[in-house]
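For reference, the structure discussed in these notes is given below.
The values are calculated or read from the model by the stated rules, or taken from the named source; none is laboratory data. Just so it is clear, the structure is predicted and the values come from calculations on it, not from any experiment. Note that each Cβ is placed from the backbone with ideal geometry, even for glycine, and that neighbours are counted across all protein chains shown. Areas reflect the complete protein model, heavy atoms only, side chains present, ligands, DNA and RNA absent. Shrake-Rupley method; radii C 1.70, N 1.55, O 1.52, S 1.80 Å.
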Amino acid sequence: MRNTRCLRLGIVALIVGLAVCVTVPVPASAQLPWPLPGGGSSSTGTGATALAVTVLGSTTSFASTGNLANWSDALGTALDSAGGSLGSAEVLAATAIGSGDGVASDASLGDLVLSILGTQITATSAYATAFADNTGATGGWSTLDGLAVNGVSIVPTGAPNQTISLGAVTLVLNEVTYSASGIVVNALHITSLDGTVDVIVASATAGQ
Amino acid sequence: MRNIVAKLAVSLLIGGLVLVASTPASAWEVGLDFITSGGWFIIQNPYYPVLPLAVPGGRANFGWHGGVKNGAYWGNGNYIDHALGAHVHNTLVRDYICVSGPCPATSHQPQGTREICGNATVNGSGTWYYRVRLNDSGEPGAGNAGGNDKFGIIVFDQNYDEMYLAEGIPINGGNVQLHRQNPSNTAPSPSGFCDFLMSHTTFDFTFE
């Protein structure tokens, strides 16, 4: 009789315990709504670069992700600082992220200080992002804060391809370029009139 | 009848004990997605001067991203408090958790808050630990600075004593971007490191 009572008690406890375990949520598992790995179409045109400096045809890139291997990939890089003959920048970062049926990239840096052919260009922060999906839709935008040229503040309009000519150098703010393969967004693109210097600040690319 | 009630009570007790024993120590879900960011903000520190290092009104720049990729924690990050002259650099991402919003992010243009936790250096040296909380509240759009996105960082010393807290609510420029889950977002074993650091946090973030 006592054994029977213990058995019943045990069975009830087991049922209640199991019921509680089944109904109470636990931290997420690795369940995904699509098969692994890869997924999506291949992409060779999505990446980001925080700073690219070209002098006399030689380009040096800082915090550059390279291109996503596919639309389920993710790449990221960060640099404390970057410096060279033209100037410096800090907290450089770049990422490129696939989301199965779309891609996005972003690039950013802070405390930009450049001196190009006697023109001083500074900015507090630059950020650019670009995105594309498998329907061919693309988009992107950028921000540029604290921009000053030779100490004079310049407020971006926010419009794409705002161009400022300063004699020896030309600035393009929020440079947006569409092509059949995707979109490129540069927060700031500086070129020298003599063609010796080309600097791209916070560049994001998304596309096929 | 009394026997049934007694049995039920004992069963519930046993069921509860089973539940406690089977629940992982981590109280926060691992985030099965990515979050990226870059920008700047004017420092807010609601605990100043009790927690004195982050002086309100100073400027900070950041570039931080995190997530999980192929069963491992993923990310990079840099942060500068210009007034303090402190540069925090991620050396190892040890945890990535969902704080709010859909978890994982599965919709287009998701919004939510994630936290990245790990090891860092300060000004290139030492053993430090960090919690970085990032909130995506939507796209900023042209001329709207960082929208309502938020950034926060807490730094701990080698004894896990909380040394520093700064927040940008919202950030003043740049962007925080939560990305939709992709097939590479497979879960690592929950590390519980964010929970561990939270247990050493006296002065916590003021946003979720």
Quiz item: Are any residues in region A:51-74 facing another protein chain (nearest Cβ under 7 Å) and either of a type in the set (Phe, Trp, Tyr) or in a strand (DSSP E or B) (or both), and if so, which ones?
Solution: A:74
Quiz item: Just checking, how many residues over region B:68-98 are over 15 Å from the mean Cα position of the chain (by Cα) and charged (D, E, K, R)?
Solution: 2
Quiz item: Can you pull out the residues in region B:149-172 that are open to solvent by 20 Å² or more (accessible area, probe 1.4 Å) and not in a loop (DSSP other than H, G, I, E, B)?
Solution: B:150, B:162, B:163
Quiz item: Which residues, taken from region B:173-192, are more than 7 Å from chain A (Cβ to nearest Cβ), open to solvent by 10 Å² or more (accessible area, probe 1.4 Å) and touching a residue at least 60 places away in the same chain (Cβ under 8 Å)?
Solution: B:188, B:191, B:192
Quiz item: Do you know which residues across region B:83-99 are open to solvent by 30 Å² or more (accessible area, probe 1.4 Å) and either outside any strand (DSSP E or B) or closer than 12 Å to residue B:30 by Cα (or both)?
Solution: B:83, B:84, B:85, B:94
Quiz item: Can we say residue A:164 is among the β-branched types (Val, Ile, Thr), closer than 27 Å to residue A:46 by Cα and part of a strand (DSSP E or B)?
Solution: no
Quiz item: How about region A:75-105: which of its residues are more than 7 Å from chain B (Cβ to nearest Cβ), polar (S, T, N, Q) and assigned to a strand (DSSP E or B)?
Solution: A:81, A:88, A:105
Exercise. For region A:106-113, indicate whether the set of residues that are closer than 15 Å to residue A:45 by Cα, buried (at least 24 other Cβ atoms within 10 Å of the Cβ) and of a type in the set (S, T, N, Q) is non-empty.
Key: no
Quiz item: So is residue B:29 of a type in the set (Asp, Glu) and facing another protein chain (nearest Cβ under 7 Å) or not?
Solution: yes
Quiz item: Got a number for residues in region A:167-208 being among the small types (Gly, Ala, Ser) and assigned to a strand (DSSP E or B)?
Solution: 9
